[in-house]
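Below is one structure, written out as structure tokens; comments come after it.
The values are calculated or read from the model by the stated rules, or taken from the named source; none is laboratory data. Bear in mind that the values here come from a model prediction, so they are computed numbers and not experimental data. Virtual Cβ from ideal backbone geometry, glycine too; neighbours counted across all protein chains shown.
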Amino acid sequence: MSIQPARTRFAPSPTGHLHLGGARTALYAYLLAKKTGGQFILRIEDTDLKRTVPGAEQEIMDGLRWLGLNYDEGPDIGGPYGPYRQTERREIYQAHAKTLVDNGRAYPCFCTTERLDKVRKEQMDRKENPRYDGTCRSLAPDEAAKRIANGEAYTIRFKMPHDGVTVAHDHLRGDITIENKQLNDQVILKTDGLPTYHLAAMVDDHEMKITHVMRGSEWLGTFPLHVNIVRAFGWDEPTWIHLSVFLKPSGKGKMSKREAADAMKDGYSIFVKDMQDLGFTPEGVLNWCGLMGWGVAEDDVMTTAQMVERFTIDSLTPSPAAINFQRLDHFNATHIRLLTTEDLAARLKPYFAREGLAVKDDVLLKMIPIIRERLTTLDDCISFGAFFFKDEVTPNPEELIAKGLDAKQSAEIARKAYELLSAQPDISHERSEPPFRYYVEASGFNAGQVFGVLRVAVTGQKVSPPLFESMEIIGRDVCLKRVQNAISILEKM
């Protein structure tokens with residue numbers, strides 16, 4: 001039997017940065033849509049005006065595109081089921097709320113915030129679960145209409161059934177059953193005429209013909225409410241998939257702001273924009289987060305195209321997954337090695353530019369093969385490659401002194417290095433290394449001492465890519481100039 005094309009959506013609120021959990025939700029929705037030949041939609045759920053953060057919507061769109069999760073419909077590109085911002089769909093929600101009221105499945109509520117707070121406090125004092133006490137539920141429609149006509153402020157609440165049970169089916173967890181008497185009459189339309197999530201998301205998913213709703217497990221608590229709203233309209237339900245929760249690295253509880261800040265100090269983040277700035281690749285991030293909650297081997301290295309090929313919702317798991325940043329390093333480094341030299345060069349250039357270094361493309365292409373294996377993140381290129389693009393390097397004088405030697409002996413090595421390099425018309429690594437090996441054998445100095453002085457002189461640092469390959473790329477004249485500078489430094493010590 002052929003698979004029906006899925007219409008999936010990623011529906012974030014623009015109330016902060018795009019984070020790891022959101023990226024994974026978007027990834028799974030994207031994979032299912034592409035696997036089935038369907039569509040992946042971006043919808044912005046911006047009805048919580050007080051919490052909306054300027055620039056957050058653009059960051060979400062930029063983050064998805066950086067990850068390569070290009071959506072088929074969305075607020076900036078349009079589509080047949082727009083608008084794709086909930087604040088632009090106000091009349092749609094009001095019409096649907098009216099339908100529920102007319103059908104006896106919702107009602108206007110005139111209770112003030114002060115009254116609701118008072119009721120809530122009294123319930124908590126009695127050790128009861130706070131909930132709406134139903135004061136306006138039994139208001140006669142004529143009386144409610146008269147109060148509305150008089151200009152009295154009101155919300156609209158969904159009228160939950162009080163008897164029996166609600167059975168809601170989650171694809172990962174099976175049937176979830178709850179007694180209706182435990183459910184609350186939630187507000188679905190606020191006094192400002194904007195909907196709450198409970199109404200807006202259900203209406204939008206229906207209107208936009210969403211077939212599979214992937215969202216965080218935090219919505220399981222109101223899942224029975226959402227199912228009742230869909231059924232009150234007589235709509236077909238989508239396939240509901242509540243994804244597993246991410247745990248902090250210790251495996252105990254969700255990441256807190258403090259732990260997120262600590263991770264940032266160590267060069268990690270749970271926010272997509274930070275990951276980009278820290279030098280992680282979209283391929284590495286997606287491979288890493290995609291396997292947290294997907295029942296495939298946790299070492300499987302996959303491109304997005306390979307993930308599309310292998311993805312099924314039946315292989316997702318509800319089990320919580322602890323964030324492991326070392327795994328991120330592993331996947332990121334692996335995907336860096338899979339990039340072509342030209343692709344990697346294009347990705348490294350911005351990091352050199354950020355350091356004020358003018359990159360020569362021919363030099364960049366030559367150095368990539370000797371630094372690629374050393375890169376965990378893209379910004380590691382500064383540690384291993386900045387010296388290729390500097391007019392001169394400034395070695396730490398103490399580091400120019402080889403282990404077990406003094407400044408005078410180290411200067412002797414530097415002078416010999418200058419002599420050996422001067423005698424060679426070119427310094428290809430095949431040609432320049434043998435004379436230095438012979439010098440090591442004849443001089444009494446060991447290889448670590450000779451190559452250590454030369455390395456610091458030429459690169460300005462104690463750790464570098466392969467020395468003679470690096471010297472070949474830097475060029476004979478620049479190497480001689482740098483060695484001469486090291487001699488001057490050592491002779492003054």
Selection within segment 149-175 - in a loop (DSSP other than H, G, I, E, B), in contact with a helix residue (DSSP H, G or I) (Cβ under 8 Å, 6 or more places away or on another chain) and acidic (Asp, Glu): 163
Of all the helices (runs of 4 or more DSSP H) wholly in segment 234-349, which have at least 2 residues that are assigned by TED's automatic domain parsing to the domain that holds residue 372 and within 15 Å of the chain's Cα centre (by Cα)? none
Would a scan of segment 368-378 turn up a residue that is without any contact (Cβ under 8 Å) to a residue 24 or more places away in the chain and exposed (fewer than 13 other Cβ atoms within 10 Å of the Cβ)? no
Among the residues listed as 150, 180, 184, 129, the single one being touching a Gly at 6+ places or on another chain (Cβ under 6 Å) and either of a type outside the set (D, E, K, R) or free of Cβ contacts under 8 Å to residues at least 60 places away in the same chain (or both): 180
Where the second residue is of a type in the set (S, T, N, Q) and not in a helix (DSSP H, G or I) and the first is in contact (Cβ under 8 Å) with a residue 40 or more places away in the chain and lies in segment 25-46, which pairs have Cβ atoms under 6 Å and are six or more apart or on separate chains? 29/8; 32/8; 45/13; 46/52
Please work out if residue 171 is farther than 25 Å from residue 90 by Cα and touching a Phe, Trp or Tyr at 6+ places or on another chain (Cβ under 7 Å). yes
Need the failing condition index for residue 415 against (1) within 24 Å of residue 360 (Cα to Cα); (2) in a helix (DSSP H, G or I); (3) in contact (Cβ under 8 Å) with a residue 60 or more places away in the chain, just the number. (1)
Leading residue by the ranking (surrounded by the fewest Cβ atoms within 10 Å (Cβ to Cβ)) among those in segment 432-447 that are over 17 Å from residue 422 (Cβ atoms) and of a type in the set (D, E, K, R): 441
Odd one out for residue 1 among (1) touching a helix residue (DSSP H, G or I) at 6+ places or on another chain (Cβ under 9 Å); (2) under 27 Å from residue 172 (Cβ atoms); (3) at pLDDT below 95: (1)
Just to check your reading of the model, which residue among 211, 239, 177, 191 is in contact with a strand residue (DSSP E or B) (Cβ under 7 Å, 6 or more places away or on another chain), among the β-branched types (Val, Ile, Thr) and farther than 23 Å from residue 314 by Cα? 191
Quick check: anything in segment 319-342 within 24 Å of residue 32 (Cα to Cα) and among the β-branched types (Val, Ile, Thr)? yes
Restricting to segment 193-207, and then to whatever is surrounded by fewer than 23 Cβ atoms within 10 Å (Cβ to Cβ) and either in contact with a Ser or Thr (Cβ under 8 Å, 6 or more places away or on another chain) or without any contact (Cβ under 8 Å) to a residue 60 or more places away in the chain (or both), can you tell me which residue is nearest to residue 235 (Cα to Cα)? 206
Do we find that residue 33 is touching a strand residue (DSSP E or B) at 6+ places or on another chain (Cβ under 7 Å) and within 30 Å of residue 161 (Cβ to Cβ) in this structure? no
Residue ID - surrounded by the fewest Cβ atoms within 10 Å (Cβ to Cβ), chosen from residues in segment 296-350 that are among the small types (Gly, Ala, Ser) and touching a residue at least 60 places away in the same chain (Cβ under 8 Å): 319
Can you tell which of 231, 157 is of a type in the set (Lys, Arg) and under 24 Å from residue 110 (Cα atoms)? 157
Taking the criterion of being of a type in the set (A, V, I, L, M) and surrounded by 19 or more Cβ atoms within 10 Å (Cβ to Cβ), would at least one residue in segment 476-484 satisfy it? yes
Just to check your reading of the model, which residue among 357, 365 is at pLDDT 95 or above, in a helix (DSSP H, G or I) and more than 28 Å from residue 492 (Cβ to Cβ)? 365
Which members of segment 397-429 meet the condition of being among the β-branched types (Val, Ile, Thr) and either farther than 21 Å from residue 442 by Cβ or more than 48 Å from the chain's Cα centre (by Cα) (or both)? 401, 413
Specify which of the listed residues (235, 240, 288) is in contact with a helix residue (DSSP H, G or I) (Cβ under 9 Å, 6 or more places away or on another chain), surrounded by fewer than 17 Cβ atoms within 10 Å (Cβ to Cβ) and aromatic (Phe, Trp, Tyr). 235
With respect to residue 350, determine if the residue is at pLDDT 95 or above, out of contact with any helix residue (DSSP H, G or I) (no Cβ under 8 Å at 6 or more places or on another chain) and over 30 Å from residue 3 (Cα atoms). yes
Name the one entry in 443, 488, 464 that is within 28 Å of residue 382 (Cα to Cα), among the hydroxyl-bearing types (Ser, Thr, Tyr) and over 42 Å from the mean Cα position of the chain (by Cα). 488
How about segment 32-148: which helices (runs of 4 or more DSSP H) wholly inside it have at least 3 residues that are surrounded by 15 or more Cβ atoms within 10 Å (Cβ to Cβ) and small (Gly, Ala, Ser)? none
